[in-house]
Every structure is written in C-alpha cells, then in structure tokens.
1. Could you check how many residues of region 138-150 are open to solvent by less than 10 Å² (accessible area, probe 1.4 Å), hydrophobic (A, V, I, L, M, F, W, C) and under 13 Å from the mean Cα position of the chain (by Cα)?
2. Enumerate the pairs (first residue in region 20-37 and closer than 19 Å to Pro61 by Cβ; second residue anywhere and polar (S, T, N, Q) and at pLDDT below 90) with beta-carbon separation below 9 Å, excluding pairs fewer than 6 apart on the same chain, so at least 6 apart or on different chains.
3. Might you check whether a residue that is touching a residue at least 60 places away in the same chain (Cβ under 8 Å), surrounded by fewer than 21 Cβ atoms within 10 Å (Cβ to Cβ) and among the β-branched types (Val, Ile, Thr) occurs anywhere in region 100-120?
4. Any idea which residue in region 86-134 is nearest to Ile55 (Cα to Cα), counting only those that are hydroxyl-bearing (Ser, Thr, Tyr) and in a loop (DSSP other than H, G, I, E, B)?
5. If you go through region 110-120 one residue at a time, do you hit one that is under 14 Å from the mean Cα position of the chain (by Cα) and within 20 Å of Ala27 (Cα to Cα)?
6. Report yes if Val84 is within 14 Å of Val149 (Cβ to Cβ) and either of a type outside the set (Ser, Thr, Tyr) or without any contact (Cβ under 8 Å) to a residue 60 or more places away in the chain (or both), otherwise no.
7. Considering only region 18-25, I want to know if a residue exists there that is closer than 18 Å to Pro120 by Cβ and either open to solvent by 20 Å² or more (accessible area, probe 1.4 Å) or at pLDDT 95 or above (or both).
8. Filter region 121-137 down to the residues that are under 17 Å from Glu163 (Cα atoms) and more than 12 Å from the chain's Cα centre (by Cα), then identify the one that is most open to solvent (accessible area, probe 1.4 Å).
Amino acid sequence: MSDDGELPSISDIGVDLPATLRVAGLALKRTESPPSLACWTGCFPESAGGNAAAISLVIEPAALPEEVTLQLAHDVVSRFDVFVDQAVRYCWTRLRERHFELTPEELSWLDLPELPLAVPEAVVWADQTWAIRFTESRFRLADPYGILVTFNGTQPVDVQGLEDEQ
C-alpha cells in the first residue's frame, strides 16, 4: 500500500499491460480488475446458437500472458462452438448423477433436444486451466452465478453450480 492507503496500480508496480490483445482475430479488451490480476475480455460476434458469448483471459499476478496461455486462448476462441457443444453434452451425462440433486422436472429437461443452458462464457487462466460458464439456466444448480464446466485440455472433466463469485 502507498502512504495514502491506496492499493498500488499496475503502473505503480512497473507492469505495462496492453489495452487490447488479439486472439484468433478476436479483440480482447483490458477490463478493470484488482491490481493483483490482469483480465482481458472479448465478445464473439455470433456464436453458440446466436447467444451472446464471451471469453476472458485472467492472469494473476498481473502480467502479460505467456505464449502457452495465449495459444490455449487461441484454441478456445477458434473452436468455441465445438467446446460449447462438448460442455452441453457433458452436462447431459453428468447432471443425471444423484449428487446434483435435480428435481424430477429438472431431470425431465435432460430428455429434451436442448438443455436450458445459455450465454456461455469461456475463462482461460494463466496456469492453462480453463472453463465454460453458462451464465443462464433454469437449473437450480445454476443459481445464482451459473454452471461451470471445467476442461483439461480439450476434454470436459467437471461440472458444478456456482454459488459464490468464484
């Protein structure tokens, strides 16, 4: 902290970060975030069945993303619709498990041609982990912050409801 009690800004700690990163033709704009991290976000023009979709790249501690992280973000942007489809199919399978405690009505939704999952957002972290969060869904599990499908490389490996702002 500085003498006036303020947290240091990125410029105070000597990190000069670009306002925009270009990843697979998509402009990711730097968003306001705590000084300890750097976040760039961009919206896909049209994706995932016409729903609004976004990707964020989060680096903590605040720094330029490493090449391997940029490559992962490139892969996610380039194949976003494919990954969203994989995440939905994964939810179709995994949400049938008892520990998700779906109601009979919610279980019946798993037999519909489309799951009530919408507005996907991808988040890529500096450690090369990433996930797709469906910000809108009728599933109780999604209340209040959505359903998160975590990937290991190109394969979904976990699904969870977000109860706090993780």
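1. So the count comes out to 2.
2. Note: pairs meeting the criteria are Pro35/Ser9.
3. Yes, there is a match, as at least one residue in region 100-120 is touching a residue at least 60 places away in the same chain (Cβ under 8 Å), surrounded by fewer than 21 Cβ atoms within 10 Å (Cβ to Cβ) and among the β-branched types (Val, Ile, Thr).
4. Taking the candidates together, the pick is Thr129.
5. Checked against the condition, which is being under 14 Å from the mean Cα position of the chain (by Cα) and within 20 Å of Ala27 (Cα to Cα), region 110-120 yields at least one hit.
6. Working: within 14 Å of Val149 (Cβ to Cβ): yes; either of a type outside the set (Ser, Thr, Tyr) or without any contact (Cβ under 8 Å) to a residue 60 or more places away in the chain (or both): yes.
Yes, satisfied.
7. There is at least one residue in region 18-25 that is closer than 18 Å to Pro120 by Cβ and either open to solvent by 20 Å² or more (accessible area, probe 1.4 Å) or at pLDDT 95 or above (or both).
8. Glu136
The values are calculated or read from the model by the stated rules, or taken from the named source; none is laboratory data. All figures in this text were calculated on a predicted structure; none of them were measured in a lab. Note: ideal-geometry Cβ built from the backbone for every residue, glycine included; neighbour counts use all protein chains shown. Accessible surface is based on the protein model in full, side chains and every heavy atom, while ligands, DNA and RNA are left aside. Shrake-Rupley method; radii C 1.70, N 1.55, O 1.52, S 1.80 Å.
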